[in-house]
Amino acid sequence: MDDNHVVVITTTDSEEAAAALARSVVEARLAACVQIGPPVRSVYRWDGALREDREWQLWIKTAYDRLDELTGFVRAAHSYDTPEVLALPVLGGDPDYLAWVTAETR
């Protein structure tokens, strides 16, 4: 499945943590590009309590065959006990862009 692609979404508790994680996954060639969105408000239940926190969302573009390694990398580098790691399939896109994503993750 090396010519399939995914977008992986994760969040962090600070802009600095988001930037550091983005740089590290691109440097490790686990992603071609990471976009850091403006802060979002997350509402969730954790350890039995309702929580509401400000988080920074990362959209990580990668090749499907790098997903397992990327997931492990995010889990190891992240400050959260259980970081969000959601992989969304890319159903299509510009062939040149997708070829670039593949090339940058090699």
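The values are calculated or read from the model by the stated rules, or taken from the named source; none is laboratory data. Model, not experiment: these values are computed from the prediction. A quick note on method: Cβ atoms are made from the backbone with ideal geometry, for glycine too, and the neighbour counts reach across all protein chains shown. For accessibility, only protein heavy atoms count, side chains too; no ligands or nucleic acids. Shrake-Rupley method; radii C 1.70, N 1.55, O 1.52, S 1.80 Å.
Annotations for the structure displayed:
- When residues of the stretch 31-62 are limited to those that are touching a Ser or Thr at 6+ places or on another chain (Cβ under 6 Å) and touching a residue at least 60 places away in the same chain (Cβ under 8 Å), the one nearest to GLU104 (Cα to Cα): ALA32
- Some residue of the stretch 37-50 being out of contact with any helix residue (DSSP H, G or I) (no Cβ under 6 Å at 6 or more places or on another chain) and part of a helix (DSSP H, G or I): no
- The stretch 48-73 - residue that is of a type in the set (Gly, Ala, Ser) and closer than 20 Å to LEU30 by Cα and, of those, most open to solvent (accessible area, probe 1.4 Å): GLY72
- The condition of being loosely packed, with under 11 Cβ neighbours inside 10 Å and assigned to a helix (DSSP H, G or I) holds for ALA76.
- Single residue of PRO89, PRO83, PRO38 found to be at pLDDT below 95, in contact with a strand residue (DSSP E or B) (Cβ under 9 Å, 6 or more places away or on another chain) and not aromatic (Phe, Trp, Tyr): PRO38
- Residue list for the stretch 29-47, restricted to those being open to solvent by 70 Å² or more (accessible area, probe 1.4 Å) and farther than 17 Å from TYR80 by Cβ: ARG29, GLN35, PRO38
- Some residue of the stretch 91-99 being more than 16 Å from GLU15 (Cα to Cα), assigned to a strand (DSSP E or B) and open to solvent by less than 70 Å² (accessible area, probe 1.4 Å): no
- Of the criteria (1) acidic (Asp, Glu); (2) within 19 Å of GLY37 (Cα to Cα); (3) open to solvent by 90 Å² or more (accessible area, probe 1.4 Å), which one GLU84 fails: (3)
- Checked against (1) of a type in the set (Val, Ile, Thr); (2) under 12 Å from the mean Cα position of the chain (by Cα); (3) exposed (fewer than 11 other Cβ atoms within 10 Å of the Cβ), VAL8 passes all but a single condition, namely (3).
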